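**Q** Please find one structure pasted underneath; my questions will follow.
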Amino acid sequence: MTENPTRLDGEVAVVTGGASGVGRGIALELGARGASVVVSDIDDEGGAQTVAAITDAGGTAAYVHADVRNADELRLVVETAQSQFGPVTTAVVSVMAGNGGGRIWEHDLADVRAMFDVFVFGTFSTVHTFGPALIDTARSGRAARLLLVGSEHSLGVPPHVFAASAYTTAKYATLGIADTARRDFEGTGVSVTLLTPSWVRTEKVLDLVRSSPELAQAIEPHAQNTRDVARAAVDGLLRGDYITATNPVMRAFVIEHARDVMTAVQMLPEIAEADYAHDGTGDASRCPVIGHF
């Protein structure tokens, strides 16, 4: 009998932000595919509900209260997973804070600082804490995967969405964390995938839709069901995707953004091959400054 490559039987996953939204959807999908799941969040009631949904469906799960900004609490997530279920094979980093709506000068800077503390520092902190456990798993010969939950905002500034400058900036930073994590995990056996959904019918988005006929008309035609996004996320994770984009609505603006970047870079003069410090091989010895540190 051929092993089903979409199943995760015997694997162990940790999921931050698993009490609601996309984080909950991914936790449920991982549980449905056979993984034992440790759900973490600061919403204890929501986290317990996610665990109950997994176990009621015949899966295995536990909940740990953890703030992504708190390294001690994040370590407890890993320790709980290891002690109750075994080595962590999959880590999902999903964070959410505030709505980030408005143009740059319209934001309250205290709100922006708080949002960045969760989105940027929280994501970095989680990878910092979960990373060594994933490396240990990979060294033992098992699969080890990291999934960062970004957004279409991680790939540019969506023209079809109202101005949300703080949110866009924070989610764009997730791309940077994903790229540096991919570089840092090179050679360890740990894969890194960035999920970039557009509108998802989470509880929060559905509340937004219900609040205004105008918003409903703007959002609903493009929104995707949480379960579909979660399924795409896990499929992409198992394929080892660099980026898992889920919604065709983002295609045009992301391509346009990439084209603008390429146009600017291609205006630079070509230099001799011997002068290239970074040739795409990942050979850090070719960096002209690394030898000075």
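Throughout, read-outs are computed from the coordinates displayed, never taken from laboratory work. The shown structure was predicted, so the numbers you read here are calculated from the model rather than taken from an experiment. Counting neighbours? That spans all protein chains shown, and the Cβs are built from the backbone with ideal geometry, glycine included.
**Q** How large is the charge dipole for the chain, taken about the Cα centre, if only the Cβ atoms of Lys, Arg (+1) and Asp, Glu (-1) carry charge, to the nearest 20 debye? Each step should come with its number before you reach the end.
**A** Values: 22 positive and 36 negative charges, 78 e Å.
Approximately 380 debye in magnitude.
**Q** Another question, then. Using a ≥ b ≥ c from the Cα gyration tensor of the chain (square roots of the eigenvalues), is it rounded, prolate or oblate, where a/c under 1.5 gives rounded and otherwise the larger of a/b and b/c decides, a/b for prolate?
**A** On the way: a/c = 1.62, a/b = 1.10, b/c = 1.47.
It is oblate, given that a/c is not under 1.5 and a/b is not larger than b/c.
**Q** Tell me, how many Å apart are the Cα centres for the stretch 12-31 and for the stretch 128-151?
**A** Cα centroid of the stretch 12-31 versus Cα centroid of the stretch 128-151: 16 Å apart.
**Q** Of His153, Thr226, Thr180, which is farthest on the positive side of the dipole of the stretch 12-250, counting Cα position, with +1 on Lys and Arg Cβ, -1 on Asp and Glu Cβ, and the Cα centre as origin?
**A** Thr180
**Q** In the stretch 12-250, if the dipole is taken from +1 on Lys/Arg beta carbons and -1 on Asp/Glu beta carbons about the Cα centre, which of Gly17, Leu206, Ala138 is farthest to the positive end?
**A** Positive-end residue among those listed: Ala138.
**Q** Short version: ³J(HN,Hα) in whole Hz for each residue of the stretch 124-129, in order, from phi by Karplus 6.51 cos²θ - 1.76 cosθ + 1.60 (θ = phi - 60°), x for Gly and Pro, what are they?
**A** Values, residue by residue: 4, 4, 5, 5, 4, 7 Hz.
**Q** Where the centroid of each part is defined by its Cα atoms, how far is the stretch 68-123 from the stretch 191-263 in Å?
**A** 20
**Q** Between Asp111 and Arg183, what's the calculated FRET efficiency when r is the beta-carbon distance and R0 is 35 Å? Round to 0.05. Intermediate results must be reported in sequence, preceding the final value.
**A** Working: r = 32 Å, r/R0 = 0.91.
Given R0 = 35 Å and the Cβ-Cβ separation, E is 0.65.
**Q** Okay, next question. In nm, to one decimal, how far is the modelled label at Asn70 from the one at Phe121, with both set 7 Å along Cα→Cβ?
**A** 1.4
**Q** Right, something else. Restrict the search to the stretch 92-195; then list the GluC sites (Glu not before Pro) that DSSP places in a loop and that have at most 12 other Cβ atoms within 10 Å of their Cβ.
**A** Glu186
**Q** OK, next. Quick one: putting +1 on the C-beta of Lys and Arg, -1 on the C-beta of Asp and Glu, what dipole do you get for the stretch 85-212 around its Cα centre, in Debye to the nearest 20?
**A** Numbers: 11 positive and 11 negative charges, 66 e Å.
Here the size comes out at about 320 debye.
**Q** Before anything else, pin down the relative contact order of the chain: Cα pairs under 8 Å, at least 6 apart, normalised by residue count, whole percent.
**A** 16
**Q** In addition: What is the stretch 92-185 by shape, rounded, prolate or oblate, if you read a ≥ b ≥ c off the alpha carbon gyration tensor as root eigenvalues and call it rounded for a/c under 1.5, prolate for a/b larger than b/c, and oblate otherwise? Spell out each step's value before the answer.
**A** Numbers: a/c = 3.34, a/b = 2.20, b/c = 1.51.
Taking the square roots of the gyration eigenvalues as a ≥ b ≥ c, the stretch 92-185 is prolate.
**Q** How would Glu203, Glu270 line up from fewest to most surrounding beta-carbon atoms within 10 angstrom?
**A** Ranked by crowding around the Cβ, least crowded first: Glu270, Glu203.
**Q** Sticking with this one: Between Ala52 and Asp136, what is 0.36 nm times their sequence separation minus the Cα-Cα distance? Round to one decimal in nm.
**A** 27.3 nm
**Q** Using only the Cα atoms of the stretch 217-275, build the gyration tensor, take square roots of its eigenvalues as a ≥ b ≥ c, and label the shape rounded, prolate or oblate: rounded if a/c is under 1.5, else prolate if a/b is larger than b/c, else oblate.
**A** Taking the square roots of the gyration eigenvalues as a ≥ b ≥ c, the stretch 217-275 is oblate.
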